[in-house]
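Q: Handing you a structure now.
The values are calculated or read from the model by the stated rules, or taken from the named source; none is laboratory data. Just so it is clear, the structure is predicted and the values come from calculations on it, not from any experiment. Methodologically, a virtual Cβ is constructed for each residue, glycine included, from the backbone with ideal geometry; neighbour enumeration extends over all protein chains shown.
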Amino acid sequence: MNNLSLNLESVPKELLFILDLVKDTENGSMSIQKERIDEINWDLFIELSMHHRLYPILHSKLKQLGEMVPSYVRKPLYNLYQRNTFQMLHLTAEMENVNKQFDGKEIPILFLKGPMLAQELYGELSMRTCSDIDFLIPIQDLEKAECLLEELGYEKDDYIKTILNDWRWRHHHVTYFHPQKGLKLEIHWRLHPGPGKEPVFEELWERKAVSNLTKTPIFFLGKEDLFIFLTAHGARHGWSRLRWLVDIHQLLQQPIDWRKVLFLSRKYHCREALIQSIVLSKELLNSKLSDQLQTILLGTQPKKLAQRAIYYLENMVNLHTDPVPQEVSRYHERYLFSLMPIKQKIIFMLSFLFPYPEDAETLPLPKKLHFLYFPLRPFLWGWRKTRRKHALP
């Protein structure tokens, strides 16, 4: 096989240390030199552990190192681990409740992430962090589902600006928050934001898996669909949290129909994301790959795809908190475009011709005349760009 070694020279040594703690070794044991531990900035280590959401795993790893690691490092990780365990139990109870309520209204529901993912990938709730519950429903049931969530005490946490129903394909979820329970739900009608080709709900439902985490059956994505979903999700965020990559590593060790995975990745235009995730998992976490997966890592493209994600590890990027620094935002836009196959790039560029809500803000028109935003869009876009340019100091 060709050389896939990645350039990690600018990655903080504390993050490299975290990777060494998490990654697989030949005999299953860690071999960490004390001299290396003495060089670690423990404040940065804790910050990175929290940023990458790996503190449950690191807590158990540091226990093995004993007194080699200062107690003021082990204690906060233990506290975070303990708090996460209670959070996961809380989320599990609510997940079962939501599933029961949706079933009562005959709304099929597929859970995407959450406690059942921790159970499925790690065999233990406490070993993965989770801040909310994500689930997918058919788009035609969205209005009924939103009414149900409001009956359960949830409040819509974000509102989507839309024109000509572009929300159906440009966006993929809406967030609800329960003020008393302190819990957040993300209700999806697509797996990812558009434009892009992806399986319809009925197709995913046919291949669904069932979780034994709760007393009542809870359904989630089948393993092949789950692998495709997690690779696309992690790639879309630049693997800026290593927890997503550790999820991929865990799935790579499970029995999966890799021929089906490769077929689905081509069908739904996410082969580049798939290749990137496999290289990153192999090189950073020592993941073992099947012969079928080895064959797609030939040539120079796999290494290039993976190397582009190292930027997010070098800089501890947070894409979830606004404002995102301009330099990061510009890099991320180029990065996302580089992951698209040619067909997807064409679809993406054509989507700019479809009116945006900003067009209606720039030139309000009666709803019956909204079709005029199609020919007017280039002029409205140019007008906004000119105004922003003149507004700059």
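Q: How many residues are over 20 Å from E67 (Cα atoms) and at pLDDT 75 or above when one looks only at segment 20-35?
A: 1
Q: Is it true that some residue in segment 217-227 is closer than 23 Å to I139 by Cβ, in a helix (DSSP H, G or I) and out of contact with any Lys or Arg (no Cβ under 7 Å at 6 or more places or on another chain)?
A: yes
Q: Please work out if L164 is buried (at least 16 other Cβ atoms within 10 Å of the Cβ), part of a loop (DSSP other than H, G, I, E, B) and touching a residue at least 40 places away in the same chain (Cβ under 8 Å).
A: So L164 fits the description; yes.
Q: Condition first: among the charged types (D, E, K, R), at pLDDT 95 or above and at negative phi. Now tell me which residues in segment 85-119 satisfy that.
A: Within segment 85-119, E94, E96, K100, D103, K105 meet the criteria.
Q: For a quick check of your reading of the model, give me the residue pairs whose first member lies in segment 130-147 and is assigned by TED's automatic domain parsing to the domain that holds E120 and in contact (Cβ under 8 Å) with a residue 40 or more places away in the chain, whose second is assigned to a helix (DSSP H, G or I) and among the polar types (S, T, N, Q), with beta-carbon atoms closer than 6 Å and at least 6 apart or on different chains.
A: none
Q: Pick from segment 309-367 the residues that are acidic (D, E) and at pLDDT 95 or above: which of them is nearest to P378 (Cα to Cα)?
A: By that ranking, first place goes to E333.
Q: Within segment 300-333, which residues are out of contact with any Leu (no Cβ under 9 Å at 6 or more places or on another chain), assigned to a helix (DSSP H, G or I) and either of a type in the set (K, R) or under 17 Å from R53 (Cβ atoms) (or both)?
A: Selection gives K304, R330.
Q: Quick check on my filter: what residues within segment 187-197 are in contact (Cβ under 8 Å) with a residue 60 or more places away in the chain and surrounded by 19 or more Cβ atoms within 10 Å (Cβ to Cβ)?
A: Within segment 187-197, H188, L191, G196 qualify.
Q: Run L213 past the list (1) closer than 24 Å to E106 by Cα; (2) of a type in the set (A, V, I, L, M, F, W, C); (3) in contact with a helix residue (DSSP H, G or I) (Cβ under 9 Å, 6 or more places away or on another chain); (4) part of a helix (DSSP H, G or I) and report the number of the one that doesn't hold.
A: Result: L213 passes all but (4).
Q: Out of P179, P115, which single residue is touching a residue at least 12 places away in the same chain (Cβ under 8 Å), touching a helix residue (DSSP H, G or I) at 6+ places or on another chain (Cβ under 7 Å) and of a type outside the set (A, V, I, L, M, F, W, C)?
A: Of P179, P115, the one residue that is touching a residue at least 12 places away in the same chain (Cβ under 8 Å), touching a helix residue (DSSP H, G or I) at 6+ places or on another chain (Cβ under 7 Å) and of a type outside the set (A, V, I, L, M, F, W, C) is P115.
Q: Select, from Y55, Y78, the only residue that is hydroxyl-bearing (S, T, Y) and either surrounded by fewer than 21 Cβ atoms within 10 Å (Cβ to Cβ) or free of Cβ contacts under 8 Å to residues at least 12 places away in the same chain (or both).
A: Testing whether each residue is hydroxyl-bearing (S, T, Y) and either surrounded by fewer than 21 Cβ atoms within 10 Å (Cβ to Cβ) or free of Cβ contacts under 8 Å to residues at least 12 places away in the same chain (or both) leaves just Y78.
Q: Counting only residues that are of a type in the set (K, R) and outside any loop (DSSP other than H, G, I, E, B), how many does segment 168-194 have?
A: So the count comes out to 3.
Q: Can E151 be described as out of contact with any Lys or Arg (no Cβ under 9 Å at 6 or more places or on another chain), surrounded by fewer than 17 Cβ atoms within 10 Å (Cβ to Cβ), in the same structural domain as F219 (by TED's automatic domain parsing) and within 28 Å of Y81 (Cβ to Cβ)?
A: No; evaluated as a whole, the condition is false for this residue.
Q: Return a yes/no flag: does segment 272-282 have any residue that is within 16 Å of the chain's Cα centre (by Cα), modelled with pLDDT of 95 or more and of a type in the set (D, E, K, R).
A: Yes: segment 272-282 contains one or more residues that are within 16 Å of the chain's Cα centre (by Cα), modelled with pLDDT of 95 or more and of a type in the set (D, E, K, R).
Q: Suppose we filter segment 247-279 for residues that are part of a helix (DSSP H, G or I), aliphatic (A, V, I, L, M), over 22 Å from K343 (Cα atoms) and in contact with a Phe, Trp or Tyr (Cβ under 9 Å, 6 or more places away or on another chain); how many remain?
A: Number of matching residues: 3.
Q: From the list K260, K304, which residue is surrounded by fewer than 18 Cβ atoms within 10 Å (Cβ to Cβ), under 23 Å from H192 (Cα atoms) and at pLDDT 95 or above?
A: Being surrounded by fewer than 18 Cβ atoms within 10 Å (Cβ to Cβ), under 23 Å from H192 (Cα atoms) and at pLDDT 95 or above holds for just one of K260, K304, which is K260.
Q: Does segment 55-72 contain any residue that is more than 29 Å from F229 (Cβ to Cβ), assigned to a helix (DSSP H, G or I) and either in contact with a Cys (Cβ under 6 Å, 6 or more places away or on another chain) or hydroxyl-bearing (S, T, Y) (or both)?
A: Taking every residue of segment 55-72 in turn, at least one turns out to be more than 29 Å from F229 (Cβ to Cβ), assigned to a helix (DSSP H, G or I) and either in contact with a Cys (Cβ under 6 Å, 6 or more places away or on another chain) or hydroxyl-bearing (S, T, Y) (or both).
Q: Return the residues of segment 333-390 that are aromatic (F, W, Y) and within 23 Å of L164 (Cβ to Cβ); say none if nothing qualifies.
A: Selection gives F348, F352, F354, Y356, F371, Y373, F374, F379, W381, W383.
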